[in-house]
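Written out below as structure tokens is the structure these notes cover.
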Amino acid sequence: PFTYESVGRQHVELRDPCIIREGDTYYLIFTMWPFAGRQEGHLNQPNQGGSPGIRMYSSKDLKNWEEEGWLVKSDELPEDSPYKNRFWAPEIHKICGRFYLIFTADNWIKKEYNPAGTWGAAGYAFVGVADKITGPYRNITYIDGGACDTSLFEDTNGRTYAVIPAYNV
């Protein structure tokens, strides 16, 4: 089975997988363990008890996977980064020849580091751009009103939209 190492432990479970094909290679990103939200008792653990970031894997046959490296790594981000903890539901979209990484995250260190000035129950949507699928992803920014599971959609007219879930409709 597919396994990956996270925080010094082997895991077989992955959540929110996204596979994108570029040329003859498939690329996989997913929500990495631990899946916990902000908990006071875990703030002294690595990455304040949250996911270590977004790691990419590649495969030619969808059976054998190789690690490509980190697209975003929590412990390499500055303390005040608004996307420091809890990386959920990452996706990559190819739009107009460039690659867009979109993911949910927040920062548990201080409330003022979050875009909304508080800790969100579902985090916030961030998006970055790269010229290669493997990155580096730059200009990572918050999508105003974006929540967990926000996605991108390119219409046939060339316009791109952020598709934002409505949780309290």
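The values are calculated or read from the model by the stated rules, or taken from the named source; none is laboratory data. Computed from a predicted model, the values in this text were never measured in an experiment. No Cβ is skipped: glycine too gets one built from the backbone with ideal geometry, and neighbour counts run over all protein chains shown. Accessible surface is based on the protein model in full, side chains and every heavy atom, while ligands, DNA and RNA are left aside. Shrake-Rupley method; radii C 1.70, N 1.55, O 1.52, S 1.80 Å.
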Picking from G123, G146, G128, G117, the residue that is touching an Asp or Glu at 6+ places or on another chain (Cβ under 6 Å) and closer than 15 Å to P82 by Cβ would be G123
Just need a number here: residues in region 141-160 that are assigned to a strand (DSSP E or B), open to solvent by 40 Å² or more (accessible area, probe 1.4 Å) and under 27 Å from T25 (Cβ atoms).
-> 3
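Could you tell me whether region 91-98 includes any residue that is open to solvent by less than 20 Å² (accessible area, probe 1.4 Å), of a type in the set (A, V, I, L, M) and touching a residue at least 12 places away in the same chain (Cβ under 8 Å)?
There is at least one residue in region 91-98 that is open to solvent by less than 20 Å² (accessible area, probe 1.4 Å), of a type in the set (A, V, I, L, M) and touching a residue at least 12 places away in the same chain (Cβ under 8 Å).
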Hits in region 59-73 - residues which are surrounded by fewer than 17 Cβ atoms within 10 Å (Cβ to Cβ) and assigned to a strand (DSSP E or B) | S59, E66, E67, G69, W70, K73
Which one of the conditions (1) over 12 Å from the mean Cα position of the chain (by Cα); (2) assigned to a loop (DSSP other than H, G, I, E, B); (3) polar (S, T, N, Q) does N47 fail to meet, given that it meets all the rest?
-> (2)
Quickly run through region 22-47 and pick out the residues that are open to solvent by 40 Å² or more (accessible area, probe 1.4 Å) and either on the phi > 0 side of the Ramachandran plot or at pLDDT 95 or above (or both).
-> E22, G23, D24, Y26
